[in-house]
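Undergrad: Shown below is the structure under consideration.
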Amino acid sequence: MKYTAHLFILLSLLVNCKPKSPALQQTGMEEQLRDKLTGAWRMTDYMTISNEGDTSTDERVQFKMYVDGSVMWGFESPAEYTEWYGYGTYNIEGDTLYETMLSGSWAFRQAIANNGNFFRIAIDVTDSTYTQIIKGPEETTYESYERIRN
């Protein structure tokens, strides 16, 4: 639980110290999605499908938080790392979420150095659930979340 406490402290600093930027010009649908996405989410399902059709799942405990154009995520890390988290900015255009990751744990910084820090994500958001699909060059990742906090 030490990890979770650090994650929430970092999110609090991110939200409270971030200078307020001018409001983004968004359509009604984008504003509704942004409003629905705001809050904290716990992942309930995770699956990847490789281009060859192989599937894999993961039982990790992962959280994502969206507040005022900032995103942060983290999960209980594999044994070889002491931490695994990232943070950045997000924007919504239509039904697509764009995340630009700025930094994070050492392991995540290595991943974005090798694979890039920009993610184009198809999303579907309701009041209590959130799903995302990330198509990568070698696989497609499906993640489902449930709301834990507005």
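Undergrad: Using amide H atoms built 1.01 Å from N in the peptide plane, name the residues 5+ places from Asp45, or on other chains, whose amide H lies under 5 Å from its own.
TA: Close amide H contacts, sequence-distant or interchain: Ser144.
Undergrad: Just to compare against my own numbers: the Cα pair-distance distribution for the stretch 102-150, 5 Å bins, whole % per bin, please.
TA: 5, 17, 20, 18, 22, 13, 5, 0
Undergrad: Next up: If neighbour count is taken as other Cβ atoms inside 10 Å, put Arg34, Arg109 in order from fewest to most.
TA: With the sparsest Cβ surroundings first, the list reads Arg109, Arg34.
Undergrad: What distance in nm separates the two pseudo spin-label positions at Glu31 and Asn115, each 7 Å out from Cα along the beta-carbon direction?
TA: So the label points at Glu31 and Asn115 sit 3.6 nm apart.
Undergrad: Here's something else I'd like to know. What distance in nm separates the two pseudo spin-label positions at Asp58 and Glu138, each 7 Å out from Cα along the beta-carbon direction?
TA: 1.3
Undergrad: For each of Phe75, Phe63, count neighbouring Cβ atoms within 10 Å of the residue's Cβ, then give the residues from fewest to most.
TA: Ascending Cβ contact count within 10 Å gives the list Phe75, Phe63.
Undergrad: Using 1/(1 + (r/R0)^6) with R0 = 22 angstrom and r between the beta carbons of Ala122 and Glu76, what's the FRET efficiency to the nearest 0.05?
TA: Given R0 = 22 Å and the Cβ-Cβ separation, E is 0.25.
Rule-based calculations on the coordinates, nothing more; no lab input. Here the structure is a predicted model, which is why all the values come from computation and not from measurement. Using ideal geometry, Cβ is built from the backbone for each residue, glycine included, and neighbour counts are taken over all protein chains shown.
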